[in-house]
Amino acid sequence: ETGVTQTPRHLVMGMTNKKSLKCEQHLGHNAMYWYKQSAKKPLELMFVYNFKEQTENNSVPSRFSPECPNSSHLFLHLHTLQPEDSALYLCASSQEGPRTGLQDTQYFGPGTRLTVL
Amino acid sequence: ILNVEQSPQSLHVQEGDSTNFTCSFPSSNFYALHWYRWETAKSPEALFVMTLNGDEKKKGRISATLNTKEGYSYLYIKGSQPEDSATYLCASLPNAGNNRKLIWGLGTSLAVNP
(Lines give C-alpha, C1' and ligand atoms only; values in the text may rest on other atoms or scores of the structure.)
Protein backbone atom coordinates (compact mmCIF):
# COMPACT_ATOMS: atom_id res chain seq x y z
CA GLU A 1 0.00 0.00 0.00
CA THR A 2 1.15 3.52 -0.62
CA GLY A 3 0.41 6.89 0.91
CA VAL A 4 -1.65 7.33 4.03
CA THR A 5 -4.37 4.86 4.95
CA GLN A 6 -7.08 5.17 7.57
CA THR A 7 -9.40 2.59 9.08
CA PRO A 8 -12.26 2.34 9.47
CA ARG A 9 -13.66 4.61 6.76
CA HIS A 10 -17.00 4.87 8.55
CA LEU A 11 -17.84 4.45 12.22
CA VAL A 12 -21.09 4.75 14.11
CA MET A 13 -20.85 4.64 17.88
CA GLY A 14 -22.93 5.31 20.94
CA MET A 15 -21.89 7.82 23.55
CA THR A 16 -20.82 5.09 25.96
CA ASN A 17 -18.71 3.14 23.46
CA LYS A 18 -14.94 3.02 23.20
CA LYS A 19 -13.44 2.83 19.75
CA SER A 20 -10.16 3.62 18.02
CA LEU A 21 -9.25 5.16 14.68
CA LYS A 22 -6.11 3.94 12.98
CA CYS A 23 -3.79 5.70 10.59
CA GLU A 24 -0.76 4.30 8.81
CA GLN A 25 1.64 6.14 6.55
CA HIS A 26 3.90 4.37 4.06
CA LEU A 27 5.89 7.48 3.06
CA GLY A 28 8.73 7.31 5.58
CA HIS A 29 7.64 10.60 7.14
CA ASN A 30 8.54 11.62 10.68
CA ALA A 31 5.49 13.71 11.61
CA MET A 32 1.82 12.73 11.83
CA TYR A 33 -1.33 14.75 12.47
CA TRP A 34 -4.97 14.32 13.45
CA TYR A 35 -7.46 16.82 12.03
CA LYS A 36 -11.19 17.21 12.59
CA GLN A 37 -13.34 18.43 9.73
CA SER A 38 -16.84 19.58 10.63
CA ALA A 39 -19.41 21.00 8.28
CA LYS A 40 -18.90 24.68 7.46
CA LYS A 41 -15.68 24.85 9.51
CA PRO A 42 -12.06 24.85 8.39
CA LEU A 43 -9.85 21.88 9.15
CA GLU A 44 -9.09 21.87 12.87
CA LEU A 45 -5.71 20.54 13.94
CA MET A 46 -6.11 18.27 16.96
CA PHE A 47 -2.74 16.63 17.58
CA VAL A 48 0.75 16.64 16.10
CA TYR A 49 3.39 13.97 16.62
CA ASN A 50 6.95 14.68 15.59
CA PHE A 51 9.39 11.78 15.88
CA LYS A 52 6.71 10.00 17.94
CA GLU A 53 6.60 12.80 20.50
CA GLN A 54 3.42 14.77 20.84
CA THR A 55 4.28 18.36 20.02
CA GLU A 56 0.86 19.92 19.86
CA ASN A 57 -2.46 19.37 21.56
CA ASN A 58 -4.93 22.04 20.57
CA SER A 59 -7.08 22.02 23.69
CA VAL A 60 -8.76 18.83 22.59
CA PRO A 61 -11.14 17.27 25.15
CA SER A 62 -9.72 14.30 27.03
CA ARG A 63 -12.32 11.99 25.50
CA PHE A 64 -9.94 11.99 22.50
CA SER A 65 -6.67 10.24 23.30
CA PRO A 66 -3.93 9.95 20.66
CA GLU A 67 -1.25 7.29 20.52
CA CYS A 68 1.79 7.11 18.27
CA PRO A 69 3.66 3.84 18.86
CA ASN A 70 6.07 4.46 15.98
CA SER A 71 6.58 6.97 13.20
CA SER A 72 4.35 5.02 10.79
CA HIS A 73 1.29 4.50 12.96
CA LEU A 74 -1.09 6.86 14.69
CA PHE A 75 -4.21 6.05 16.66
CA LEU A 76 -7.04 8.14 18.02
CA HIS A 77 -8.79 6.46 20.94
CA LEU A 78 -12.36 7.59 21.49
CA HIS A 79 -14.46 7.22 24.62
CA THR A 80 -17.69 8.74 25.92
CA LEU A 81 -18.02 10.96 22.88
CA GLN A 82 -20.78 13.49 22.35
CA PRO A 83 -23.02 13.88 19.29
CA GLU A 84 -21.19 17.11 18.43
CA ASP A 85 -18.04 15.05 17.94
CA SER A 86 -19.59 13.62 14.77
CA ALA A 87 -17.27 14.72 11.96
CA LEU A 88 -14.69 13.57 9.44
CA TYR A 89 -11.37 12.75 11.11
CA LEU A 90 -8.38 13.09 8.84
CA CYS A 91 -4.88 11.82 9.41
CA ALA A 92 -1.90 13.37 7.66
CA SER A 93 1.86 12.96 7.61
CA SER A 94 4.80 15.09 6.55
CA GLN A 95 8.56 15.03 6.55
CA GLU A 96 9.90 17.60 8.96
CA GLY A 97 13.35 19.05 8.60
CA PRO A 98 15.04 22.36 7.87
CA ARG A 99 12.32 24.78 6.88
CA THR A 100 12.13 24.92 3.10
CA GLY A 101 8.39 25.26 2.75
CA LEU A 102 8.29 22.21 0.52
CA GLN A 103 8.86 19.89 3.43
CA ASP A 104 5.77 21.19 5.16
CA THR A 105 3.51 19.58 2.57
CA GLN A 106 1.09 17.28 4.33
CA TYR A 107 -0.15 14.05 2.83
CA PHE A 108 -3.63 13.06 3.89
CA GLY A 109 -5.55 9.87 4.35
CA PRO A 110 -9.15 9.57 3.13
CA GLY A 111 -10.57 10.11 6.60
CA THR A 112 -12.92 8.31 8.95
CA ARG A 113 -16.52 9.52 8.93
CA LEU A 114 -17.61 9.31 12.58
CA THR A 115 -21.21 9.46 13.73
CA VAL A 116 -21.95 9.58 17.45
CA LEU A 117 -25.50 8.66 18.37
CA ILE B 1 -6.70 39.47 8.28
CA LEU B 2 -6.13 36.91 11.04
CA ASN B 3 -7.74 33.95 9.31
CA VAL B 4 -7.52 32.44 5.88
CA GLU B 5 -10.48 33.38 3.73
CA GLN B 6 -11.45 31.88 0.41
CA SER B 7 -13.87 33.14 -2.18
CA PRO B 8 -16.17 32.30 -3.70
CA GLN B 9 -17.54 29.63 -1.37
CA SER B 10 -18.83 27.66 -4.36
CA LEU B 11 -18.76 27.91 -8.11
CA HIS B 12 -20.59 26.20 -10.96
CA VAL B 13 -19.06 26.44 -14.43
CA GLN B 14 -19.53 24.79 -17.78
CA GLU B 15 -16.97 22.46 -19.25
CA GLY B 16 -14.39 24.49 -21.12
CA ASP B 17 -14.80 27.63 -19.00
CA SER B 18 -11.77 29.09 -17.30
CA THR B 19 -12.17 30.09 -13.69
CA ASN B 20 -10.27 31.44 -10.71
CA PHE B 21 -10.58 31.59 -6.94
CA THR B 22 -9.04 33.77 -4.26
CA CYS B 23 -7.29 32.95 -1.01
CA SER B 24 -6.59 35.78 1.45
CA PHE B 25 -4.18 35.18 4.31
CA PRO B 26 -2.32 37.09 7.03
CA SER B 27 0.54 38.90 5.28
CA SER B 28 2.54 39.45 8.46
CA ASN B 29 4.73 36.59 9.64
CA PHE B 30 4.16 34.73 6.38
CA TYR B 31 6.20 31.66 5.51
CA ALA B 32 4.34 29.60 2.90
CA LEU B 33 0.98 29.19 1.20
CA HIS B 34 -0.38 25.76 0.33
CA TRP B 35 -3.09 24.82 -2.16
CA TYR B 36 -4.85 21.47 -1.90
CA ARG B 37 -7.44 19.79 -4.05
CA TRP B 38 -10.05 17.62 -2.32
CA GLU B 39 -12.35 15.39 -4.32
CA THR B 40 -15.38 13.95 -2.59
CA ALA B 41 -14.64 10.68 -0.73
CA LYS B 42 -10.92 11.00 -1.47
CA SER B 43 -7.88 12.37 0.35
CA PRO B 44 -6.94 16.05 0.07
CA GLU B 45 -4.09 16.25 -2.43
CA ALA B 46 -1.34 18.87 -2.39
CA LEU B 47 -1.25 21.06 -5.51
CA PHE B 48 1.26 23.79 -4.78
CA VAL B 49 3.46 25.20 -2.05
CA MET B 50 4.43 28.82 -2.62
CA THR B 51 6.81 30.93 -0.60
CA LEU B 52 8.09 33.89 -2.61
CA ASN B 53 6.24 37.07 -3.44
CA GLY B 54 5.37 37.03 -7.13
CA ASP B 55 5.70 33.26 -7.28
CA GLU B 56 3.73 31.54 -10.01
CA LYS B 57 3.29 27.77 -10.16
CA LYS B 58 1.69 25.63 -12.82
CA LYS B 59 0.48 22.05 -12.98
CA GLY B 60 -1.24 21.16 -16.25
CA ARG B 61 -4.24 23.46 -16.62
CA ILE B 62 -4.02 24.71 -13.03
CA SER B 63 -1.83 27.61 -12.00
CA ALA B 64 -1.45 29.78 -8.92
CA THR B 65 0.04 33.17 -8.11
CA LEU B 66 1.16 34.63 -4.81
CA ASN B 67 1.25 38.16 -3.42
CA THR B 68 2.75 38.06 0.07
CA LYS B 69 2.76 41.84 0.55
CA GLU B 70 -0.99 42.15 0.29
CA GLY B 71 -1.76 38.62 1.47
CA TYR B 72 -3.54 36.90 -1.40
CA SER B 73 -3.16 34.03 -3.81
CA TYR B 74 -5.16 33.23 -6.94
CA LEU B 75 -5.78 29.74 -8.30
CA TYR B 76 -6.63 29.56 -11.99
CA ILE B 77 -8.09 26.64 -13.92
CA LYS B 78 -7.96 26.93 -17.69
CA GLY B 79 -10.57 25.06 -19.73
CA SER B 80 -12.32 23.39 -16.79
CA GLN B 81 -13.16 19.70 -17.13
CA PRO B 82 -15.69 17.64 -15.10
CA GLU B 83 -12.78 15.90 -13.38
CA ASP B 84 -11.73 19.28 -11.94
CA SER B 85 -14.85 19.21 -9.75
CA ALA B 86 -13.55 19.29 -6.19
CA THR B 87 -13.06 21.56 -3.20
CA TYR B 88 -9.92 23.67 -3.45
CA LEU B 89 -8.40 24.48 -0.07
CA CYS B 90 -5.68 26.94 0.74
CA ALA B 91 -3.69 27.04 3.95
CA SER B 92 -1.20 29.57 5.24
CA LEU B 93 1.89 28.53 7.15
CA PRO B 94 3.17 31.28 9.44
CA ASN B 95 6.83 31.85 10.15
CA ALA B 96 6.89 30.80 13.78
CA GLY B 97 10.00 28.78 14.52
CA ASN B 98 9.29 25.10 14.18
CA ASN B 99 5.53 25.57 14.30
CA ARG B 100 4.02 23.41 11.58
CA LYS B 101 0.48 24.60 12.13
CA LEU B 102 -1.28 25.33 8.87
CA ILE B 103 -4.14 27.83 9.03
CA TRP B 104 -6.84 26.54 6.72
CA GLY B 105 -9.53 28.26 4.70
CA LEU B 106 -13.02 26.86 4.22
CA GLY B 107 -12.37 26.06 0.59
CA THR B 108 -13.99 26.83 -2.74
CA SER B 109 -16.25 24.08 -4.02
CA LEU B 110 -16.06 23.83 -7.81
CA ALA B 111 -18.61 21.94 -9.90
CA VAL B 112 -17.91 21.62 -13.63
CA ASN B 113 -20.95 20.67 -15.69
CA PRO B 114 -20.34 18.60 -18.83
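The values are calculated or read from the model by the stated rules, or taken from the named source; none is laboratory data. Given the structure is predicted, the values throughout are model-derived calculations rather than measurements. In this analysis, Cβ positions are derived from the backbone assuming ideal geometry, glycine residues included, and neighbour counts consider all displayed protein chains. The area values use the complete protein model at the heavy-atom level, side chains included, leaving out ligands, DNA and RNA. Shrake-Rupley method; radii C 1.70, N 1.55, O 1.52, S 1.80 Å.
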Next on the checklist: Let me confirm one metric for peptide B:101-113, namely the mean number of other chain beta-carbon atoms within 10 Å of its residues' beta-carbons.
Outcome noted: 3
Checklist outcome for this item: The distance between the Cα centres of the range B:50-81 and the range A:15-90, in whole Å, is 31
Item to check | the protein assembly as shown: Cys lacking any partner C-beta under 4.7 angstrom | outcome: A:C68
Checklist entry - At a 1.4 Å probe radius, carbon and sulfur cover how many percent of the accessible area of the protein assembly as shown? => result 49
Item to check | FRET efficiency, 1/(1 + (r/R0)^6) with R0 22 Å, evaluated for B:Q9 and B:N53 via beta carbons | outcome: 0.25
Item to check | Calculated from backbone phi, Karplus (6.51, -1.76, 1.60) coupling profile of the range B:16-22 in Hz, x at Gly/Pro | outcome: x, 5, 9, 8, 8, 10, 10
Next on the checklist: I'd like the Karplus ³J(HN,Hα) series for the range B:71-87: coefficients 6.51, -1.76, 1.60, θ = phi - 60°, whole numbers in Hz, and an x wherever there's a Gly or Pro.
Outcome noted: x, 8, 9, 10, 10, 10, 10, 9, x, 3, 10, x, 6, 7, 4, 4, 9
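All other residues with a Cβ under 11 Å from the Cβ of A:Q37 taken together, and with Lys, Arg as +1 and Asp, Glu as -1, what is their net charge?
Local charge sum for A:Q37: +3.
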Checklist entry - Cα-based count: Lys pairs in the protein assembly as shown below 16 Å, eight or more positions apart or different chains? => result 7
Checklist outcome for this item: Under the 7 Å Cα-to-Cβ spin-label approximation, A:Q54 and A:N70 lie apart by a distance in nanometres of 2.2
Checklist entry - What are the trypsin sites (Lys or Arg not before Pro) within the range A:1-95 that DSSP puts in a loop, where the Cβ has at most 16 other Cβ atoms within 10 Å? => result A:R9, A:K40, A:K52, A:R63
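What total accessible area, in Å², is buried where chains B and A meet, using a 1.4 Å probe and rounding to the nearest 100?
Chains B and A together bury roughly 1900 Å² of accessible area.
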Checklist entry - When ligands, DNA and RNA are left out and all protein chains stay put, how many square angstrom of accessible area per residue does chain B have with a 1.4 Å probe? => result 48
Checklist entry - Using a simple charge model, +1 on the beta-carbon of Lys and Arg, -1 on the beta-carbon of Asp and Glu, nothing else, what dipole does chain A show about its Cα centre, in debye to the nearest 20? => result 360
